[in-house]
1. Out of 160, 97, 114, I need the residue that is farther than 27 Å from residue 52 by Cα and surrounded by 16 or more Cβ atoms within 10 Å (Cβ to Cβ). Which one?
2. Taking the condition of being in contact with a strand residue (DSSP E or B) (Cβ under 6 Å, 6 or more places away or on another chain) and under 19 Å from residue 133 (Cβ atoms), how many residues in the range 60-80 meet it?
3. In the set 60, 136, 117, which member is within 27 Å of residue 16 (Cα to Cα) and touching a helix residue (DSSP H, G or I) at 6+ places or on another chain (Cβ under 6 Å)?
4. Report, by residue number, each residue of the range 142-200 that is under 21 Å from residue 38 (Cβ atoms) and assigned to a helix (DSSP H, G or I).
5. For the range 63-74, state whether one or more residues are in contact with a helix residue (DSSP H, G or I) (Cβ under 6 Å, 6 or more places away or on another chain) and closer than 28 Å to residue 154 by Cβ.
6. Residue by residue through the range 41-59, note down the ones that are touching a residue at least 40 places away in the same chain (Cβ under 8 Å), closer than 21 Å to residue 120 by Cβ and out of contact with any strand residue (DSSP E or B) (no Cβ under 6 Å at 6 or more places or on another chain).
7. What's the number of the only condition in (1) touching a helix residue (DSSP H, G or I) at 6+ places or on another chain (Cβ under 6 Å); (2) within 19 Å of residue 37 (Cα to Cα) that residue 112 fails to meet?
8. Answer with yes or no whether residue 5 is under 25 Å from residue 186 (Cβ atoms), touching a residue at least 40 places away in the same chain (Cβ under 8 Å), out of contact with any helix residue (DSSP H, G or I) (no Cβ under 6 Å at 6 or more places or on another chain) and surrounded by fewer than 18 Cβ atoms within 10 Å (Cβ to Cβ).
């Protein structure tokens, strides 16, 4: 890390933790098995618009959901309000997302790896909705403030240690690994500005290493 680098930068009216631009990260499903889909005590944050899109995708995703998940969705819907007042996807037994299914036939991935039914049916061409943007952006977490201000933080979690190792091996910083979802959320022009800021920081790091 460059000495005296501020912990938070502003890029196009978005506050972003500097470690998103500097820290290595690249998901490694062989190491974690997709544990972020089934660990935790609440579902994935969703917007009202996303709930509508999930409901439209539900018929396609239904066959890949467990009987327990189907029962919960029948009873309370695809989302609920958690203890913090946030809308989140429904979960099973206090942790597993209802849209989790387990890999059985994708040879490139570990058998039993947790995958997303919503993403599967979208990639298969049976839905136009990929998955909630909060899932796509993870381990970046978004916080919305009054006045429309948005903040992005890097959520560090022990289950992602394999992703950190792989990112280090590939020299892949977090913002580059999450290029597509960041563009989906904030647009290509914003991401280009983010990339320029990251390059400036990289240049400062190189200078720092040679002094």
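1. One residue alone meets the criteria, 160.
2. Looking only at that region, the number is 1.
3. Working: 60 fails: within 27 Å of residue 16 (Cα to Cα); 117 fails: within 27 Å of residue 16 (Cα to Cα).
Among 60, 136, 117, only 136 is within 27 Å of residue 16 (Cα to Cα) and touching a helix residue (DSSP H, G or I) at 6+ places or on another chain (Cβ under 6 Å).
4. 158, 159, 160, 161, 162, 163, 164, 166, 181 - these are the residues of the range 142-200 that are under 21 Å from residue 38 (Cβ atoms) and assigned to a helix (DSSP H, G or I).
5. Looking through the range 63-74, none of the residues is in contact with a helix residue (DSSP H, G or I) (Cβ under 6 Å, 6 or more places away or on another chain) and closer than 28 Å to residue 154 by Cβ.
6. Scanning the range 41-59 gives 50, 53, 54, 56, 57.
7. Answer for residue 112: the failing condition is (1).
8. yes
The values are calculated or read from the model by the stated rules, or taken from the named source; none is laboratory data. Just so it is clear, the model here is predicted, and its values are computed rather than measured. Cβ sites come from the backbone with ideal geometry, for glycine too, and all protein chains shown count toward neighbours.
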